[in-house]
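Report on the structure given below.
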Amino acid sequence: MNKTLIVSGGTLDIEFAKKVIGENEDACIIGVDKGVEYLYALQVTPQYIVGDFDSIDPEVISYYRNETHVTIREYNPRKDATDTEIALRLGITLGSKEIIILGATGGRIDHLWANIQTLTVACEAGVYAYILDERNKIWVINKSCSLRREEAYGPYLSVFTLQGEVFDFNLKGTKWPLTYHTLKPCDSLTVSNQFDADTVEIAFPAGMLVVMETKD
């Protein structure tokens, strides 16, 4: 599988989910615990369902158990990883080069932050994984990259360090560029920047960064 689409149990607009699923018909779909309810509402049968099933409607999981041939992996609630991380690792194991995560935002902020941190697992494995909702695209990088304005998810671009200070950080092609800046965890200087050229370059010698492409 070159692409995996994970549907988690956070806030998710059903029409947005329908659109993304329709645009990624070739993806392997993994339903995560309560996120399976979104798939059920859309009458979509995923290839895998994972979770401890502590929050899903019993009738929904019963349907997939008894009426489909989907592979279901149930975990003890006292596990060492979130359901979304388990799904992400499964996508990596399946050989996916791109992983889209829906239903990972909204509601509890601790869940959102855990999901963002989980993206580092994919980044370190060399897999392009990102959280997506109607207004945000969130991903993690550990090396320099460039972004094209015509492919941007929204007009705003924010960058945060995820693992301590990042030295010699450079941002080129933005409305507010930076040169050899020391990016710190408490730094708000890189919030809500904007494209000023057709291509934005993010350059740094070492570290782990969260990149957010956003729109109102």
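The values are calculated or read from the model by the stated rules, or taken from the named source; none is laboratory data. Treat the numbers as computed from the prediction; the structure is a model and nothing was measured. Cβ sites come from the backbone with ideal geometry, for glycine too, and all protein chains shown count toward neighbours. Note: accessible area is taken over every heavy atom of the protein model, side chains too, but ligands, DNA and RNA are not part of it. Shrake-Rupley method; radii C 1.70, N 1.55, O 1.52, S 1.80 Å.
Select from the range 125-176 those GluC sites (Glu not before Pro) which occupy a DSSP coil region and have at most 16 other Cβ atoms within 10 Å, ordered by residue number.
Within the range 125-176, the qualifying GluC sites (Glu not before Pro) (loop, at most 16 other Cβ atoms within 10 Å) are E134, E165.
Return the loop-located trypsin sites (Lys or Arg not before Pro) in the range 150-216 (DSSP other than H, G, I, E, B) with at most 15 other Cβ atoms within 10 Å of their own Cβ; answer none if there are none.
Of the trypsin sites (Lys or Arg not before Pro), the ones in loops of the range 150-216 whose Cβ has at most 15 other Cβ atoms within 10 Å are K175, K215.
Applying the Karplus parametrisation 6.51 cos²θ - 1.76 cosθ + 1.60 with θ = phi - 60° to the phi angles of the range 51-68, what ³J(HN,Hα) value in whole Hz is obtained for each residue in order, glycine and proline being reported as x?
x, 9, 6, 8, 10, 7, 4, x, 5, 5, 5, 5, 4, 5, 5, 9, 10, 9
Could you list the GluC sites (Glu not before Pro) in the range 17-97 that lie in coil according to DSSP, counting only those with at most 15 other Cβ atoms within 10 Å of their Cβ?
Within the range 17-97, the qualifying GluC sites (Glu not before Pro) (loop, at most 15 other Cβ atoms within 10 Å) are E25.
Taking amide H positions as placed 1.01 Å from N in the peptide plane, with prolines and chain starts having none, which residues 5 or more places from I6, or on another chain, fall under 5 Å of its amide H?
Placed amide hydrogens put I30, I100, I101, L102 under 5 Å from I6.
Note down the net charge around E124, summing +1 for each Lys or Arg and -1 for each Asp or Glu among other residues with Cβ under 14 Å from its Cβ.
+1
Among (1) 7, 26, 24, 13, 8, 9, 7, 4, 1, 0; (2) 8, 32, 33, 14, 7, 4, 2, 0; (3) 8, 33, 33, 18, 7, 1, find the value of P(r) over Cα pairs in 10 Å bins from 0, in percent that was calculated from the structure presented, and write down its label.
Step by step, P(r) over Cα pairs in 10 Å bins from 0, in percent for this structure corresponds to label (3).
Over the chain, how many pairs of lysines fall under 23 Å by alpha carbon, counting only those 8 or more apart in sequence or from different chains?
Going through the chain pair by pair, I get 29.
Roughly what angle does helix 83-93 make with the longest principal axis of the chain, taking Cα atoms, 0 to 90 degrees, to the nearest 10?
The two axes meet at around 80 degrees.
For the range 206-215, take each phi angle, set θ = phi - 60°, evaluate the Karplus expression 6.51 cos²θ - 1.76 cosθ + 1.60, and give the result in whole Hz per residue in order, putting x for glycine and proline.
6, x, 9, 10, 9, 10, 10, 9, 9, 8
Separation between the A81 and E151 pseudo-spin-labels, each 7 Å from Cα along Cα→Cβ, expressed in nm?
The answer from the label model is 2.8 nm.
If you take the square roots of the eigenvalues of the alpha-carbon gyration tensor of the range 38-101 and sort them as a ≥ b ≥ c, do you get rounded (a/c under 1.5), prolate (a/b over b/c) or oblate?
Oblate.
Under a crude label model (7 Å from the Cα following the beta-carbon direction), how far is L94 from D54 in nanometres?
Calculated label separation equals 2.5 nm.
Under a point spin-label approximation (7 Å from Cα along Cα-to-Cβ), what is the E74-K19 distance to one decimal in nm?
Placing both labels 7 Å along Cα→Cβ, they lie 3.6 nm apart.
Before I look further, what does the chain give for accessible area per residue, probe 1.4 Å, in whole square angstrom?
52
Of the accessible area of the chain, with the probe set at 1.4 angstrom, what percent is carbon plus sulfur?
47
Can you give the net charge of the other residues whose Cβ lies under 13 Å from the Cβ of I202, counting K and R as +1 and D and E as -1?
Overall, the nearby charge balance is 0.
Mind putting a number on the dipole of the range 68-179 about its Cα centre? Charges go on the C-beta only, +1 for Lys and Arg and -1 for Asp and Glu, and I need it in Debye to the nearest 20.
The calculated dipole for the range 68-179 is roughly 200 debye.
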